[in-house]
Amino acid sequence: MSKELAGKVIFVTGSGRGLGRTMAEKLASLGADVAIHDLEWTGPAKYGEAKDMGEVAEQIAKHGVRTVAVTGNIGDPEAVKKMKAEIEAKLGTVNVLVNCAGGDIGASGNKPKPNDALNISFEDIQVLTNNNLIGTMLVCQAFVPAMVAAGSGSVINIASAAAHMGCSPEVVYSTLKAAVVHYTRCLAKELYEQGVRINAVSPGPTKSARFQATRVVDPAKMDSSGVSFNRYAEPSEIADAVAFLAGPGSKFINGQVIRVDGGLTLFPG
Ligand SMILES: NC(=O)c1ccc[n+]([C@@H]2O[C@H](COP(=O)([O-])OP(=O)(O)OC[C@H]3O[C@@H](n4cnc5c(N)ncnc54)[C@H](O)[C@@H]3O)[C@@H](O)[C@H]2O)c1
């Protein structure tokens, strides 16, 4: 495989497990030094993907790249500041930022219940907003200025197919992901002449361990070997789009959202 990301330092938030972990592996396989992150050191164990962040870091290092594992709440400015210092001390300045941390995880650490617009609790609204929108903004505020100073960089925000169509339940989560898409466009506008690209990837339903553990899955949509696009995505299919946006092949793509959903949101527009 060509090492087209050799020399890049990439921070993937929420990469102790799930889609972020697959992205981190893919980016490392392309030669990037990768900082991995989770809310807690044992975050990767929650759905049985790894023992802890140390084990995930060992896997990333097998690609022959440098890595560092950091933990902290992306919705807490002090925690973000501390993680930035740790990453820069170990790997240097971050050139590519992937804001993957998030999800429909409420105050209990699981899906909010109730999860419809009129009944979801205030506490869950606050936690979801921190996890999906405020966190993305705070991490951008921390890491993008160095990219602006360097006159280059790429930010990839992970939104969702749910951002592009009316959804219920998961109303608050969907609304926040729509905000992530718009924030992507606005930040791209703000940095239009400064060499830093800001794009988003909107995955459709994807077979992460959490996805499978937190809902009743449709067995007919699990198999990706057939011809139909009416199925769940493989995590690697989302990671491929992220790698493209991180690399030189997308150097004139800016302020865009790539929907990796097999066409799920083709019709709603
Ligand atoms: N799996 C899907 O079907 C799907 C579809 C569309 C979008 N997404 C998005 O992709 C991303 C990854 O989802 P996943 O399915 O891999 O879930 P996941 O729960 O396995 O991964 C999410 C990661 O983000 C971390 N995180 C969440 N809030 C955080 C916070 N405030 N501070 C620090 N870390 C935090 C979690 O600890 C975890 O490591 C999420 O943003 C999710 O919304 C997933």
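Read-outs: derived from the displayed coordinates by stated rules, not from any lab. Since this is a predicted model, take the numbers as computed values, not measurements. Backbone-built Cβ (ideal geometry, glycine too); neighbour counts: all protein chains shown.
Rounded to the nearest 20 debye, the dipole size of the chain about its Cα centre is 340 debye, using +1 on the Cβ of Lys and Arg and -1 on the Cβ of Asp and Glu.
Each of 161, 206, 253 was scored by the projection of its Cα onto the charge dipole of segment 137-260, and the greatest displacement toward the positive side belongs to 161; charges sit on the C-beta of Lys, Arg, Asp and Glu.
Set the Förster radius R0 to 41 Å, insert the Cβ-Cβ distance between residue 267 and residue 141 as r into 1/(1 + (r/R0)^6), and round the FRET efficiency to 0.05. Working from the Cβ atoms, E equals 0.70. Could you calculate the FRET efficiency of residue 168 with residue 148 from 1/(1 + (r/R0)^6), where r is the beta carbon distance between them and R0 is 35 Å, rounded to 0.05? It comes out at approximately 0.35.
As a calculated quantity, the FRET efficiency between residue 121 and residue 224 at R0 = 35 Å, using C-beta atoms, amounts to about 0.45. Mind running the shape call on segment 37-117? Use the C-alpha gyration tensor, a ≥ b ≥ c as the square roots of the eigenvalues: rounded below 1.5 for a/c, prolate if a/b tops b/c, oblate otherwise. Because a/c hits 1.5 or more and a/b fails to exceed b/c, segment 37-117 counts as oblate. Highest GNM mean-square fluctuation among 202, 108, 152, for the chain modelled with Cα contacts below 10 Å: 108. Of the residues 24, 213, 69, the one that moves most in a GNM of the chain with alpha-carbon contacts below 10 Å is 213. Pairs spanning more than 29 Å between alpha-carbon atoms, out of 51/82; 3/111; 113/189: 3/111; 113/189. Of the GluC sites (Glu not before Pro) found in segment 141-214, those that fall in a DSSP loop while having at most 15 other beta-carbon atoms within 10 Å are 193. Straight-line reach from residue 84: taking Cα to Cα under 19 Å and skipping same-chain neighbours fewer than 8 places apart, the lysines in range are 8.
Residue 65 sits among other residues whose Cβ lies under 10 Å from its own Cβ, and their net charge, with Lys and Arg +1 and Asp and Glu -1, is +3. Electrostatic tally near residue 162: other residues with Cβ closer than 12 Å to its Cβ, Lys and Arg +1, Asp and Glu -1, net -1. Loop-resident chymotrypsin sites (Phe, Trp or Tyr not before Pro) (DSSP state other than H, G, I, E or B) in segment 140-202 with no more than 16 further Cβ atoms inside 10 Å of their Cβ: 192.
Each helix, a run of at least 4 DSSP H residues, gives -39500 (n - 2.57); summed and divided by the residues of the chain, these come to -11000 deg cm²/dmol at 222 nm. Shown for 100, 186, 167: other C-beta atoms within 10 Å of each C-beta, ranked fewest to most, produce the order 186, 167, 100. Comparing 200, 89, 45 in a Gaussian network model of the chain (Cα springs below 10 Å), the most mobile by mean-square fluctuation is 89. Against the chain, whose longest principal axis is taken from its Cα atoms, helix 171-190 shows a tilt of about 30°. In a simple Cβ point-charge model (Lys, Arg +1; Asp, Glu -1; nothing else charged), segment 167-269 has a dipole of about 120 debye relative to its Cα centre.
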